[in-house]
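One structure is given here, and the rest of the page talks about it.
Values quoted throughout were computed directly from the atomic coordinates according to the rules given, and no laboratory measurement underlies them. Small disclaimer: the values here were computed from a predicted structure and weren't measured. Counting neighbours? That spans all protein chains shown, and the Cβs are built from the backbone with ideal geometry, glycine included.
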Amino acid sequence: MLAVTDIAKRFGTVRAVDGVTLNVAQGQVLAIVGESGCGKSTLGRLALRLIEPDRGTIHFQGEDLGKLSPRALRARRRDMQLIFQDPFGSLDPRMTVEQAVAEPLILHNIVPRAQVRDRVADMLTRVGLRPELATRWPHEFSGGQRQRIAIARALASGPKLVIGDEPVSALDVSVQAQVVNLLQDLIRDLGLTFILISHDLGVVRHIADRVAVMYLGRIVEEGSTAAIFTAPRHPYTRALLAAVPGQGGAAAPLEGDVPSPSNPPPGCHFHTRCRFAQLRCRVESPALEAGVACHFADSLPPPAAMAEAEPG
Ligand code: SF4
Ligand code: MG
């Protein structure tokens, strides 16, 4: 469905994404995890070509998005949608719910005009909102309801690939699970291919099939959700998991801040925080091989206690 190859993007001196290769199969849910500032959101926007990469290619359903004209790319947008983190910022306050959800339907000519209203009602029902609410304004809704509206809008054009950038992290904890469950149902019922950008490993474990772990613009580990959570190999992945209640044990949680992406440490970017770092790590950057980018992945002590930890 999506093949991102050696993609990179700088903003001024900041190397936000620094050579990432990713493949997402049809119907798969891939989570991209990491601390804030690691490049997850930029990677998501690059994958949809909402921003231009400095290098690398993005193939969507076999088609090189970089070779499409602006017009052809706009037409392709119906198949690729983004759900934003902030449901307060992502809905236009001057549009009713109906106008917001109808806009992509009209823009991409998805249904005849006469059927737009029915389609909006159908989308609202799908996201658990009463169709009668269509005439209301965004400010009349709670954060959770607004995110449902934003999801209805994102799914209205019938996209095949959807990226959710921290889709529940701005919501009250009490409504996060409901929206996560909604997303999970929609992914299954609509057969969506989904990329979940999240720092919330509980949510990731709940809905992802595969996980890619990012650190300072690079993927440091990638694998099935089961493998990542029960047998993490990269010291950074282990430390991230150690910070999750009920998941820790073998690894010490992360200490210190993420170094500046303007001036990442040489060699392995993680060496300033890695308790296994050796001299080689300071000079030589490890490649992502067999799912892990660490010179010593095969000789680290096994994270034994983690295999037993089963969070609820
Ligand atoms: Fe740690 Fe070295 Fe592995 Fe980097 S390459 S994660 S510094 S052991
Ligand atoms: Mg972000």
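When DSSP assigns beta bridges and you keep just the ones with both residues in the chain, what percent turn out antiparallel, to the nearest 5?
55
So if R0 is 25 Å, what FRET efficiency would residue 72 and residue 115 give, r being the distance between their Cβ atoms, rounded to the nearest 0.05?
0.45
Given axes a ≥ b ≥ c from the Cα gyration tensor, I'd like to know whether region 25-69 is rounded (a/c under 1.5), prolate (a/b larger than b/c) or oblate.
Since a/c reaches 1.5 but b/c is at least a/b, the shape of region 25-69 is classed as oblate.
Share of Cα-Cα pairs in region 1-134 beyond 26 Å, in percent?
37
Give the separation of the Cα centroids, region 141-208 to region 42-96, in Å.
Each part reduced to its Cα centre gives a spacing of 17 Å.
Counting each DSSP H run of 4 or more residues in the chain as -39500 (n - 2.57), what helix-only mean residue ellipticity at 222 nm follows after dividing by all residues, to the nearest 500 deg cm²/dmol?
Dividing the helical sum by the residues of the chain leaves -9500 deg cm²/dmol.
If R0 is 25 Å, what FRET efficiency do you get for residue 188 and residue 23 from their C-beta distance, rounded to 0.05?
According to the calculation, E is roughly 0.75.
Where both partners of a DSSP beta bridge lie in region 88-226, what percent of those bridges are antiparallel, to the nearest 5?
55
Counting residues in the chain as N, plug N into 2.2 N^0.38 Å and put the Cα Rg over that result.
1.04
Whats the longest run of the chain with zero GluC sites (Glu not before Pro) that are DSSP loop and have at most 13 other Cβ atoms within 10 Å?
1-254
Under a 5 Å amide H to amide H cut-off, with H placed in plane at 1.01 Å, what residues pair with residue 82 once short-range neighbours are removed?
For residue 82, the qualifying residues are 163.
Tell me, what HN-Hα J-couplings in whole Hz come from the Karplus equation 6.51 cos²θ - 1.76 cosθ + 1.60 at θ = phi - 60° for each residue of region 191-197, using x for Gly and Pro?
Running phi through 6.51 cos²θ - 1.76 cosθ + 1.60 with θ = phi - 60° gives x, 6, 8, 9, 10, 9, 9 Hz.
At 20 °C and 1.002 mPa s, grab the translational diffusion coefficient of region 116-246 from Stokes-Einstein with a Kirkwood Rh over Cα pairs, rounded to a whole number in µm² per second.
It comes out at roughly 132 µm²/s.
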